[in-house]
1. Which percent, to the nearest 5, of DSSP beta bridges fully inside the chain are antiparallel?
2. log10 I(q)/I(0), Debye, Cα-only the range 8-121, no solvent, q = 0.11, 0.13, 0.15 Å⁻¹?
3. Working from the alpha-carbon coordinates of the range 128-198, get Rg over Rh, Rh being the Kirkwood radius.
4. Place a +1 charge on the Cβ of each Lys and Arg in the range 128-198 and a -1 charge on the Cβ of each Asp and Glu, then give the dipole magnitude about the Cα centre in debye, rounded to the nearest 20.
5. Please compute, for the alpha-carbon atoms of the chain, the extent along each of the three principal axes and give them in descending order in Å.
6. Could you line up Cys150, Cys23 from fewest to most neighbouring Cβ atoms inside 10 Å?
7. What whole-number distance in Å separates the alpha-carbon centres of the range 114-161 and the range 172-200?
8. What helices in the chain pass both tests, a Cα length along the helix axis of 30 Å or more and a mean Kyte hydropathy of -0.5 or higher, using whole DSSP H runs?
Amino acid sequence: MNGEAPKKQRLQALVKDAKIVICADGGANIALKSGITPDVIVGDLDSIHAETLVKFRKVPTHEERDDETTDLEKAIRWAINARFDHITVVGATGKRTDHSVGNLGVLAKYYPDAIIRFVDDLGEIIYVGRELRFEGRKGDVVSLIPLSRCEGIVTEGLRYALNGEALEIGVREGTSNVIVSSPVSIKVKKGRLLLFKLFA
């Protein structure tokens, strides 16, 4: 994506573990600066620099001029159609706040067709679904972020436990909780809930 990319070391580590690298439009500019050659470039191609197109002239491009979807969504749909169901996104946050907030919706929108996570230098964000269990270290900081009103939330392994309670932006948020035991379990009866895990 064309937001704030992680530092070069983290970005290259993520690329090393990836089966395929997809650049969403202007994300190709960041890839070029980071010394990364993508496997495909997807989007409406209105943000990619001419120099980047020249450098990546041998990289397949999939141009899609659909004003109803963002370049991030175009790239995710391309990945899903190519039968990739675990997607790591970098550059989806930072720079423009409206883009950052808007992008969060895709975590829920394309679930369960794809398990998507956003990664930056601070941490990662994933969609909880109806239930999520994960390993974590004691003392690690996590936040529960409701995209909509979330009801019947039950957590295990967190300092500030929830037992059937609700979270809603502007009413009650779940920021800066702490892992006290692992694995952590989060269950949600109703609503769309995100989990942010702060990198140690």
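1. So the antiparallel bridges amount to about 70 percent of the total.
2. Here the Debye-derived log intensity ratios amount to -0.32, -0.46, -0.62.
3. Numbers: Rg = 10.8 Å, Rh = 11.7 Å.
Computed over Cα atoms, the ratio is 0.92.
4. Working: 12 positive and 8 negative charges, 23 e Å.
In debye, rounded to 20, the range 128-198 gives about 100.
5. 55, 34, 30
6. Numbers: Cys150 25, Cys23 29.
Lowest to highest Cβ neighbour count: Cys150, Cys23.
7. 3
8. Values: long enough: none.
Passing helices, by number: none.
Every number in this text was worked out from the coordinates using simple rules, so none of it is lab data. None of these values were measured; they are calculated from a predicted model. Here the Cβ is made from the backbone with ideal geometry for all residues, glycine too, and neighbour counts use every protein chain on show.
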